[in-house]
1. Report the gain in length on full extension from Tyr73 to Glu18: 0.36 nm times residue separation, minus Cα-Cα distance, nm rounded to one decimal.
2. Residues with amide H under 5 Å of Asp64's amide H, sequence separation 5 or more or different chain, H placed in the peptide plane at 1.01 Å from N; which?
3. Which pairs break 20 Å Cα to Cα here: Lys11/Lys154; Lys117/Lys154; Lys11/Lys214; Lys113/Lys214?
4. Please work out the Cα convex hull volume for region 68-140 and give it in Å³ per residue.
5. At a Cα cut-off below 19 Å, give the lysines reachable from Lys14, other chains included and same-chain residues fewer than 8 away excluded.
6. Please sort 51-60, 78-87 by packing, taking for each peptide the average over its residues of neighbouring beta carbons within 10 angstrom, highest first.
7. Which of the peptides 165-174, 28-37 is most tightly packed, and how do the rest follow, going by the mean number of other Cβ atoms within 10 Å of each residue?
8. What distance in nm separates the two pseudo spin-label positions at Lys214 and Glu147, each 7 Å out from Cα along the beta-carbon direction?
Amino acid sequence: MRRPFIAGNWKMYKTPAEAKTLISQLLPLLKKADIDVAVCPPFTSLETVLKLTADTVLRVGAQDVFWEEEGAYTGEISPVMLFDMGCTYCIVGHSERRQYFGETDTSVNKKVKALLKQKLIPIVCVGETLAQREEGITKEVCRLQIEQGLAGLKPEEAARLVIAYEPVWAIGTGKTASAGDAQEVIGYIREVLAARFGKESAGQIRILYGGSVKPDNIQELMAEPDIDGALVGGASLKAKDFAEIVNYKNS
Ligand code: PEP
């Protein structure tokens with residue numbers, strides 16, 4: 001049985017002071033439920049958020065990482081540093097990093113391996129652009145991103161991963177894939193994972209949907225058999241909206 005997981009991607013928003021306000025508004029709104037919850041603030045707010053969430057249900061992730069443990073890599077942050085701070089998760093291969101910062105499936109693969117080595121849980125993002133969807137190659141694009149991004153992993157390593165299916169055209173646009181469309185692609189991703197890592201491991205991997213998730217569409221997404229949660233961007237910046245999404249079982 002896969003435990004549902006809702007993660008908030010704060011992107012490049014929230015100074016430490018703003019993060020403090022958001023977390024203190026959010027924590028009292030979270031109801032007890034059988035679900036994992038995390039927020040992924042920018043690097044500069046990680047320490048503040050980690051302090052405020054110690055001994056709470058909220059876990060913390062980073063939004064990116066470099067694959068080396070240390071060295072002359074100006075501007076980069078290593079998995080060792082994230083683990084040492086107390087992070088649990090790290091987003092890898094977000095479409096904004098692929099689009100603006102040259103992230104490739106090869107770099108995703110190195111980052112995933114480096115994170116797993118430090119016992120951090122990668123949240124690996126995959127998804128097609130609008131042009132690719134219109135061309136009818138959505139599944140092919142996701143298959144290649146999965147196969148190349150996760151190349152060389154053992155089944156027991158793969159079982160610890162979180163995958164986020166995020167159609168690029170749905171991110172920050174207000175357009176959401178219908179629950180049925182999201183299930184179709186996510187169900188296919190699980191088949192690809194099963195072919196590569198075996199049915200047992202594929203059955204343990206949590207696959208999230210991401211792309212304009214809001215309080216009013218979370219229920220129908222979570223009703224689908226292969227959708228195990230959501231990666232939430234914009235709505236995670238508002239305590240009330242994010243709490244409503246996390247509390248979807250109670251509403
Ligand atoms: C994201 O940043 O991963 C995301 C899904 O953003 P939004 O919810 O704003 O579409």
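Nothing in this text is a laboratory measurement; each read-out follows from the coordinates by a stated rule. All figures in this text were calculated on a predicted structure; none of them were measured in a lab. Reconstructed Cβ throughout: ideal geometry from the backbone, glycine too, with neighbour counts over all protein chains shown.
1. Using 0.36 nm per residue and subtracting the Cα-Cα distance, I get 16.9 nm.
2. Distant-sequence amide H within range of Asp64: Ile91.
3. Lys11/Lys154; Lys113/Lys214
4. That works out to 101 Å³ per residue.
5. Answer for Lys14, where 19 Å is the Cα cut-off: Lys51, Lys238, Lys240, listed by chain and number.
6. 78-87, 51-60
7. 165-174, 28-37
8. 3.8 nm
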